[in-house]
Amino acid sequence: MSEPMTGGPKTDIVECDILVIGGGTGGPMAAIKAKERNPGLKVVLMEKANVKRSGAVSMGMDGLNNAVIPGYATPEQYVKEITVANDGIVHQKAVMAYAQGSYPMIQYLDSIGVKFEKDGSGEYNVRKVHHMGTYVLPMPEGHHVKKALYRQLRRLQVMITNRYMATRLLTGPDGQAAGVIGVNTRTSDFLVVRAKSVVLACGAAGRLGLPASGYLFGTYENPANCGDGYAMAYHAGAGLANLECYQINPLIKDYNGPACAYVTGPFGGYTANNKGERFIECDYWSGQMMKEFFSELQSGNGPVFLNMTHLAEETISEIETILHSNERPSRGRFHEGRGTNYRQRMVEMHISEIGFCSGHSASGVWVDENARTTVAGLYAAGDMASVPHNYMLGAFVNGGIAGQDAAEYCASTDLPAYDAGQLAAEQERVLAPTRRADGLTPYEMEFKARRLVNDYLQPPKVTAKYRIAQERFAEVRDDLAMLCVRDPHELMRALELQSILDCADMAAAASLYRTESRWGLYHWRVDHPATDNENWFCHTLLYKDADGRMAHTKRAVDTYVVPIPEEEMSAYHQLRTPTPLAAE
Amino acid sequence: MPHANHATSVPVTIDDEKCIAEKGCRVCIDVCPLDVLAINPATGKAHMKYDECWYCMPCEVDCPTHAVKVEIPYLLR
């Protein structure tokens, strides 16, 4: 099916029914569920790294943070919890679709070899971390997640293209998704994949702010997840929702990985100030929790720690086994280097730089309950799609929803034509830095862009600082004319830098548009300190207008499928302990 | 603007004695999510070519001969 183009850079063209971009978590599940729905479809999975070990769960996961398991929680309770934790601005139908798909997906994962913690009678061992409900299911042997997914991809004959970075979506005559332009990260050869429908699953924009360590790749998210999906969706005309609702995480200082309170909380670990006192009632990551965390850091009670010193030896051993073999196993090595032993010393924590990620926050490419974006034939799932707080299990469930719906969609769709002029222009954009003998390196341009993000965009958000940010980002954008690379690897970084710049501009524009404060620290606008439900109880959608500029619109919050009594809406606003609780 | 030669210490080290790249093994290079490992043309063994590490450890865990060691990058340590 592959045909070389004549003239121009080396370019292969492949045709398929469904193209999935991103082989981490949601992407593989989209491909798997599309093939299960219709084994006759040709499904291509494009991945910038290698599907075996790519994405946020490269090294597995230590637990499900949002399992909706009968006997512990109902989909209605979960929808209520997530609505309240997000100040009401949620598309409940999508949260409900996730909640209803949660338990079947756990059973499916179980059936393909993903292991979850069970009690003596074989029941799932669910624990409580959230403010209201019980949703956390540990995965002490969760390091095999990627292997289980890979087996299914092979079994179902999904066509995998590793080491191709998607750079821009192709759009058809009516603006619909028509495929993607990809470039090989080791050869800079092009691969054009034409498709009837496209699922974007490119992860978070996790390389937006600069880590305090100054190490560009010392991020919470897998740094390969640098916002490519947001940039591609934007340039294809899709709407992006609530980008002003940043992701900011409480992390192990400098290591910048999770501490991880969700794992330690059920065992008795807790977030403490420098006196060893609790100051928040609930360790679940919400914007309000982050604001309390931020306040404590800034106060005389800072810094903030994770305290496990009071726990029994066998408990600490169990925590170490989970934390040092899953998700971010180098945590143990980091603590060792600092001489931090959970038994004797609290773990110093800090807040992360900003990013976009619906895994823990609520922003992303707008999707409805069928994972459809605002562009026909284009789907999004996982950390980059707008279903709030969806974590790993949400990526699986919503990826599956996207794959199934895409399978239905392409049954009644022909392969759209694409614009050869669009392809040629994109190839020229991609290759421009290879045509210069010297100039600015991707490293220094990325460092500067991300340092500016920290200087001006990190909340509390100040309007005057945001205006300066926009000027500085524009200057960096002008400097792209001097960007220069020496090999295909650097070209990948140069392209990623351009996604990062797009995300930085979107973060600034979206934040300026919403003239109120909401979601605790995530959108704390100092010049508009109050929450303004009269004007802003709505989603914001950012999109590229006909003139190629960033534009905004409001989208009303759909009628709730699970009504929330007024008095329950503020549950997440009362997270600070009434008086500091003494150390245990 | 010409470029400077800027040296940094690398967090991932490979024991050349144990590395079996000459037998065609590319496991660590294949699994790295950031594509920072490559064959060193001088030795024929794997090495860290780009200092862009997430200290995520598939290279170390998946290496069939335990030749790879991941350290926390110095700036974070």
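The values are calculated or read from the model by the stated rules, or taken from the named source; none is laboratory data. Just so you know, these numbers come straight off a predicted model, no measurement behind them. Here the Cβ positions follow ideal geometry from the backbone for every residue, glycine too, while neighbour counts run over all protein chains shown. Only protein heavy atoms, including side chains, enter the accessible area calculation; ligands, DNA and RNA are left aside. Shrake-Rupley method; radii C 1.70, N 1.55, O 1.52, S 1.80 Å.
Mind listing just one residue for me: the one in the stretch B:43-75 that is open to solvent by 50 Å² or more (accessible area, probe 1.4 Å) and in a loop (DSSP other than H, G, I, E, B) and, of those, nearest to the other protein chains (Cβ to nearest Cβ)? Ranking the qualifying residues of the stretch B:43-75, first place goes to B:LEU75.
This table checks each residue for (1) touching a residue at least 60 places away in the same chain (Cβ under 8 Å); (2) within 25 Å of the chain's Cα centre (by Cα); (3) open to solvent by 50 Å² or more (accessible area, probe 1.4 Å).
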{"site": "A:ILE322", "(1), (2), (3)": "yes, yes, no"}
{"site": "A:ARG338", "(1), (2), (3)": "no, no, yes"}
{"site": "A:HIS350", "(1), (2), (3)": "yes, yes, yes"}
{"site": "A:PHE356", "(1), (2), (3)": "yes, yes, no"}
{"site": "A:HIS360", "(1), (2), (3)": "yes, yes, no"}
{"site": "A:VAL367", "(1), (2), (3)": "yes, yes, no"}
{"site": "A:ALA376", "(1), (2), (3)": "yes, yes, yes"}
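Test B:ALA21 against the criterion of being open to solvent by less than 80 Å² (accessible area, probe 1.4 Å), under 27 Å from A:TYR255 (Cα atoms) and away from chain A (no Cβ under 14 Å), and give yes or no. Considered against the rule, which asks whether it is open to solvent by less than 80 Å² (accessible area, probe 1.4 Å), under 27 Å from A:TYR255 (Cα atoms) and away from chain A (no Cβ under 14 Å), B:ALA21 comes out as no. Against the test of being more than 30 Å from A:THR577 (Cβ to Cβ), surrounded by 19 or more Cβ atoms within 10 Å (Cβ to Cβ) and in contact (Cβ under 8 Å) with a residue 24 or more places away in the chain, the options A:GLY113, A:GLY179 yield a single qualifying residue, A:GLY179. Looking across the stretch A:280-333, the residues that are closer than 28 Å to A:ASN390 by Cα and within 14 Å of chain B (Cβ to nearest Cβ) come down to A:LEU323, A:HIS324, A:SER325, A:ASN326, A:GLU327, A:ARG328, A:PRO329, A:SER330, A:ARG331, A:GLY332. Just one of the numbered conditions (1) more than 8 Å from every other protein chain (Cβ to nearest Cβ); (2) open to solvent by 50 Å² or more (accessible area, probe 1.4 Å); (3) touching a helix residue (DSSP H, G or I) at 6+ places or on another chain (Cβ under 9 Å) is not true of B:ASN40: (2). B:THR8: surrounded by fewer than 14 Cβ atoms within 10 Å (Cβ to Cβ), out of contact with any strand residue (DSSP E or B) (no Cβ under 7 Å at 6 or more places or on another chain) and within 11 Å of chain A (Cβ to nearest Cβ), yes or no? Judged against the criteria, B:THR8 is a match.
Name the residue that is farthest from A:ALA204 (Cα to Cα), counting only residues in the stretch A:40-61 that are away from chain B (no Cβ under 14 Å) and open to solvent by 10 Å² or more (accessible area, probe 1.4 Å).
A:GLY40
Out of the stretch A:547-563, which residues are free of Cβ contacts under 8 Å to residues at least 12 places away in the same chain and not in a strand (DSSP E or B)? First the steps, then the outcome.
In the first step, residues of the stretch A:547-563 are kept if they are free of Cβ contacts under 8 Å to residues at least 12 places away in the same chain; the result is A:547-549, A:551, A:559, A:563.
Correct list: A:ASP547, A:GLY548, A:ARG549, A:THR559, A:PRO563.
The lone criterion from (1) at pLDDT below 95; (2) in a loop (DSSP other than H, G, I, E, B); (3) closer than 23 Å to A:ALA395 by Cβ left unmet by A:LEU137 is number (2).
Within the stretch A:394-431, if we keep just the residues that are over 30 Å from A:VAL68 (Cβ atoms) and β-branched (Val, Ile, Thr), the residue that is least open to solvent (accessible area, probe 1.4 Å) turns out to be A:VAL430.
For the stretch A:463-480, state whether one or more residues are outside any helix (DSSP H, G or I) and surrounded by 18 or more Cβ atoms within 10 Å (Cβ to Cβ). Scanning the stretch A:463-480, I find no residue that is outside any helix (DSSP H, G or I) and surrounded by 18 or more Cβ atoms within 10 Å (Cβ to Cβ), so the answer is no. Taking A:VAL304 as the residue in question, decide whether it is buried (at least 20 other Cβ atoms within 10 Å of the Cβ), touching a Pro at 6+ places or on another chain (Cβ under 8 Å), farther than 24 Å from A:PHE356 by Cβ and among the aliphatic types (A, V, I, L, M). In short, no. Among residues belonging to the stretch A:196-217 that are among the aliphatic types (A, V, I, L, M) and facing chain B (nearest Cβ under 10 Å), point out the one that is nearest to A:MET165 (Cα to Cα). The qualifying residue nearest to A:MET165 (Cα to Cα) is A:LEU216. Residue check: is A:LYS146 under 30 Å from A:GLU408 (Cα atoms), open to solvent by 10 Å² or more (accessible area, probe 1.4 Å) and either within 14 Å of another protein chain (Cβ to nearest Cβ) or not in a loop (DSSP other than H, G, I, E, B) (or both)? For A:LYS146, the condition - under 30 Å from A:GLU408 (Cα atoms), open to solvent by 10 Å² or more (accessible area, probe 1.4 Å) and either within 14 Å of another protein chain (Cβ to nearest Cβ) or not in a loop (DSSP other than H, G, I, E, B) (or both) - is not met. So is B:LEU34 buried (at least 18 other Cβ atoms within 10 Å of the Cβ), facing chain A (nearest Cβ under 9 Å) and over 13 Å from the mean Cα position of the chain (by Cα) or not? No, not satisfied. Taking the conditions exactly as written (within 17 Å of the chain's Cα centre (by Cα), outside any helix (DSSP H, G or I) and among the small types (Gly, Ala, Ser)), does A:GLY60 satisfy them or not? Judged against the criteria, A:GLY60 is a match.
Report, by residue number, each residue of the stretch A:246-290 that is assigned to a loop (DSSP other than H, G, I, E, B) and aliphatic (A, V, I, L, M).
Once the filter is applied, which keeps residues that are assigned to a loop (DSSP other than H, G, I, E, B) and aliphatic (A, V, I, L, M), the stretch A:246-290 yields A:ILE248, A:ALA259.
Could you please give the count of residues in the stretch A:218-230 that are part of a loop (DSSP other than H, G, I, E, B), within 13 Å of chain B (Cβ to nearest Cβ) and buried (at least 24 other Cβ atoms within 10 Å of the Cβ)? Count: 6. None of A:GLY88, A:GLY101 is more than 27 Å from A:SER325 (Cα to Cα), in a loop (DSSP other than H, G, I, E, B), away from chain B (no Cβ under 14 Å) and in contact (Cβ under 8 Å) with a residue 40 or more places away in the chain except A:GLY88. Which condition does B:VAL27 not pass, out of (1) touching a Pro at 6+ places or on another chain (Cβ under 7 Å); (2) within 27 Å of A:PHE447 (Cβ to Cβ), if it passes all the others? Among (1) touching a Pro at 6+ places or on another chain (Cβ under 7 Å); (2) within 27 Å of A:PHE447 (Cβ to Cβ), the lone unmet condition for B:VAL27 is (2). Pairs are defined by a Cβ separation below 7 Å, a sequence spacing of at least 6 or placement on different chains, a first member in the stretch A:475-502 that is more than 11 Å from chain B (Cβ to nearest Cβ), and a second member that is open to solvent by less than 30 Å² (accessible area, probe 1.4 Å) and of a type in the set (Asp, Glu); the pairs so defined are A:LEU497/A:GLU446; A:SER499/A:ASP228; A:ILE500/A:GLU446. The sole residue among A:ILE89, A:ILE106 that is surrounded by 17 or more Cβ atoms within 10 Å (Cβ to Cβ), of a type outside the set (Phe, Trp, Tyr), farther than 28 Å from A:ARG37 by Cα and within 21 Å of the chain's Cα centre (by Cα) is A:ILE89. Residue selection: A:GLU314 fails the criterion of being part of a helix (DSSP H, G or I), open to solvent by 10 Å² or more (accessible area, probe 1.4 Å) and in contact (Cβ under 8 Å) with a residue 60 or more places away in the chain.
Being loosely packed, with under 15 Cβ neighbours inside 10 Å and either within 11 Å of chain B (Cβ to nearest Cβ) or hydroxyl-bearing (Ser, Thr, Tyr) (or both) holds for only one residue in A:ASP455, A:ASP438, and it is A:ASP438. Scanning the stretch A:324-341 for residues that are assigned to a helix (DSSP H, G or I) and either under 15 Å from A:PRO250 (Cβ atoms) or β-branched (Val, Ile, Thr) (or both) yields a single hit, A:ARG331.
In the set A:ARG151, A:ARG186, A:ARG207, A:ARG194, only one residue is of a type in the set (D, E, K, R) and assigned to a helix (DSSP H, G or I); that residue is A:ARG151.
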